[in-house]
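Input: a single structure, listed below in structure tokens.
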Amino acid sequence: MILQGIDLFMDLIMKSSYIVALTGAGISTKAGIPDFRGPNGLYSRTDMPADKLFDIEYFKSNPSLFYNHFSELADIFEKALPTKGHKFLKKLEVLGKLKTVITQNIDSLHKKAGNTNIIELHGNFEKYHCMECNDEILPEDPRFNEIVKEMKNRRVPKCSKCGGIMKPDVVFFGEYVRDLEKALTEIQKADLMITMGTSLTVYPASTLPSYLPDSSKLVIVNEMDTPFDSKAKVVLHEDIEKVVDKLKII
Ligand code: CNA
């Protein structure tokens with residue numbers, strides 16, 4: 001029998017021993033966090049200059065643009081809980097199949113779901129630093145909550161030491177991504193790569209599936225087309241949660 005679609009995906013999971021996942025904003029939309037390019041994504045909003053929001057040059061010259069608009073999303077990020085997609089990847093790790101999650105997301109939901117080996121290419125909001133004196137503020141520092149409060153009040157948080165602008169530990173467009181070498185090493189060891197909820201258009205994450213060894217398999221789960229669809233063994237243009245439900249792994 002020739003397996004296809006979800007059955008082939010399940011078969012590939014069963015036969016694999018070193019799965020690496022690459023995730024994007026689409027795995028978190030069901031947690032209430034909008035993506036960039038989906039139908040209800042931030043790029044479709046006319047009241048928010050989403051393309052400038054995470055641009056380092058705009059941030060340096062006008063940090064209030066980011067803090068003004070991000071205040072709305074900060075609460076959503078804080079309250080968001082892992083989706084079935086995140087739980088599925090956690091389960092694959094518990095089963096000893098999934099070795100690494102590489103994510104472009106900045107929402108820390110893979111950590112909340114309990115995965116342990118996570119490469120956050122674009123950082124997260126778990127740390128802030130001063131753009132002038134580099135002072136670092138971690139969550140256990142009482143000043144961390146002050147920064148979050150300032151942000152939620154649409155004010156630019158300032159360094160308590162030198163008055164410089166505080167920046168979250170998130171990689172903006174125009175900055176270097178984190179741990180790219182580590183991500184490449186993991187992909188080269190993978191026998192199965194699963195990409196979930198990413199348009200595969202943001203460089204350099206967009207190039208990562210091309211580093212998969214020829215003998216390994218690629219599965220893409222994303223509602224919209226991606227540039228790697230023709231290279232994948234299985235492409236499911238479906239909602240991640242529906243796919244996970246059909247796999248019956250969680
Ligand atoms: P993207 O370019 O917005 O692509 C998301 C993709 O997910 C789209 O192609 C959607 O069709 C698809 N999608 C949305 N919901 C679902 C669903 N339920 N099931 C299946 N597919 C779905 O986002 P990428 O991650 O590819 O681009 C990388 C950017 C987005 C990075 O710089 C991130 O930091 C940034 N981002 C992150 C978050 C987050 O952390 N949750 C939110 C918004 C943007």
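The values are calculated or read from the model by the stated rules, or taken from the named source; none is laboratory data. What you are looking at is a predicted structure, and each value in this text was computed from that prediction instead of being measured. Quick reminder, even Gly has a Cβ in these numbers, built from the backbone with ideal geometry, and neighbours come from all protein chains shown. The protein model used for the area step is the full one, side chains on, heavy atoms only, and it has no ligands, DNA or RNA in it. Shrake-Rupley method; radii C 1.70, N 1.55, O 1.52, S 1.80 Å.
Could you give the distance between the Cα centres of region 193-220 and region 112-128, to the whole Å?
19
Could you check how much of the accessible area of the chain is carbon and sulfur, as a whole percent, using a 1.4 Å probe?
Roughly 51 percent of what the probe reaches on the chain is carbon or sulfur.
Enumerate by residue number the GluC sites (Glu not before Pro) in region 78-142 meeting two conditions: DSSP loop (anything except H, G, I, E, B), and at most 14 other Cβ atoms within 10 Å of the site's Cβ.
Sparse-neighbourhood loop GluC sites (Glu not before Pro): Glu132, Glu140.
About the Cα centre, and with charges only on the beta carbon of Lys, Arg (+1) and Asp, Glu (-1), how big is the dipole of the chain? Nearest 20 debye, please.
For the chain, the charge dipole is close to 500 debye.
Nearest 5 percent is fine: what portion of the DSSP beta bridges confined to the chain is antiparallel?
25
Averaged over every viewing direction, what's the projected area of the C-alpha convex hull for region 108-154? Give it in nm², one decimal, please.
With the hull built on Cα positions only, its mean projection is 4.4 nm².
Could you pull out the trypsin sites (Lys or Arg not before Pro) across region 1-79 that fall in loop regions by DSSP (anything but H, G, I, E, B) with no more than 12 other Cβ atoms inside 10 Å?
Arg45
What is the dipole size for region 1-93, taken about its Cα centre, with +1 at each Lys and Arg Cβ and -1 at each Asp and Glu Cβ, in debye to the nearest 20?
For region 1-93, the charge dipole is close to 300 debye.
Which residues' amide hydrogens lie under 5 Å from the amide hydrogen of Asp135, considering only partners 5 or more residues apart or on another chain, with H built in the peptide plane?
Cys130
Could you work out, for the chain, what percent of all Cα-Cα pairs fall into each 5 Å distance bin, beginning at 0 Å and stopping at the bin that holds the largest distance?
That works out to 1, 6, 13, 18, 19, 15, 11, 8, 5, 3, 1, 0, 0, 0, in percent per bin.
For Thr100, list long-range residues whose amide hydrogen, built 1.01 Å from N in the peptide plane, is under 5 Å from its own amide hydrogen.
Ala21
What order do Ser44, Ser71 take when sorted by accessible area (1.4 Å probe), most exposed first?
Correct descending sequence by accessible area is Ser44, Ser71.
What are the ³J(HN,Hα) couplings of region 102-109, residue after residue, when phi is run through the Karplus curve with 6.51, -1.76, 1.60 and θ = phi - 60°? Round to Hz, x for glycine and proline.
9, 10, 8, 6, 10, 9, 6, 6
Can you work out the accessible area per residue across the chain, with the rest of the protein chains kept in place, probe 1.4 Å, in square angstrom?
48
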